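Before any comments, here is the structure.
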Amino acid sequence: MINFFKEKEPFAVMQYNCNLIQSEDNYKSYEMIYLNDEKKLAFKILDEKLLFQFKENINKFNLVLNNSDGKIYEFMEFKKHKESTLKLC
């Protein structure tokens, strides 16, 4: 199992609401936002194991956005890291 806290690389987790067409059912989806080896933004949907790991370590994250569409949690100041890295490319 991947332990994304061992990597020591900043990243963010985006939680958003998904609504099914013609249904009142909705669910939450979680995606990791990170910079890949090519220094480009990349996204990974969290599977059950990674989602459990995220929820177990949620106290290590900063909640930077919280509205009716969802939430964004930052790990190790991802936004600053992203902005400084992308300026160099």
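Check the stretch 55-66 and report whether any residue there is outside any strand (DSSP E or B), modelled with pLDDT under 90 and of a type in the set (Lys, Arg).
no
Which of the residues spanning the stretch 36-54 are modelled with pLDDT of 90 or more, farther than 11 Å from GLN15 by Cβ and touching a strand residue (DSSP E or B) at 6+ places or on another chain (Cβ under 7 Å)?
Scanning the stretch 36-54 gives LEU41, ALA42, PHE43, LYS44, ILE45.
Which numbered condition in (1) surrounded by 17 or more Cβ atoms within 10 Å (Cβ to Cβ); (2) assigned to a helix (DSSP H, G or I) is the only one that GLU83 fails?
Going through the list (1) surrounded by 17 or more Cβ atoms within 10 Å (Cβ to Cβ); (2) assigned to a helix (DSSP H, G or I), GLU83 breaks only (1).
If I filter the stretch 20-36 for residues that are surrounded by fewer than 14 Cβ atoms within 10 Å (Cβ to Cβ) and in a helix (DSSP H, G or I), do I get at least one hit?
no
Just checking, does the stretch 57-78 include any residue being touching a strand residue (DSSP E or B) at 6+ places or on another chain (Cβ under 7 Å) and among the polar types (S, T, N, Q)?
For the stretch 57-78, residues touching a strand residue (DSSP E or B) at 6+ places or on another chain (Cβ under 7 Å) and among the polar types (S, T, N, Q): present.
Quick check on ASN3: is it at pLDDT below 90 and either within 23 Å of LYS80 (Cα to Cα) or in a loop (DSSP other than H, G, I, E, B) (or both)?
Yes, satisfied.
Residue pairs, Cβ under 6 Å, 6 or more apart or interchain, first in the stretch 65-79 and free of Cβ contacts under 8 Å to residues at least 12 places away in the same chain, second assigned to a strand (DSSP E or B). List them.
LEU65/ILE72
Just checking, how many residues over the stretch 6-19 are assigned to a strand (DSSP E or B) and at pLDDT 90 or above?
Residues in the stretch 6-19 being assigned to a strand (DSSP E or B) and at pLDDT 90 or above: 6 in total.
The values are calculated or read from the model by the stated rules, or taken from the named source; none is laboratory data. Since the structure is predicted, the reported quantities are computational estimates derived from the model, not experimental observations. Virtual Cβ from ideal backbone geometry, glycine too; neighbours counted across all protein chains shown.
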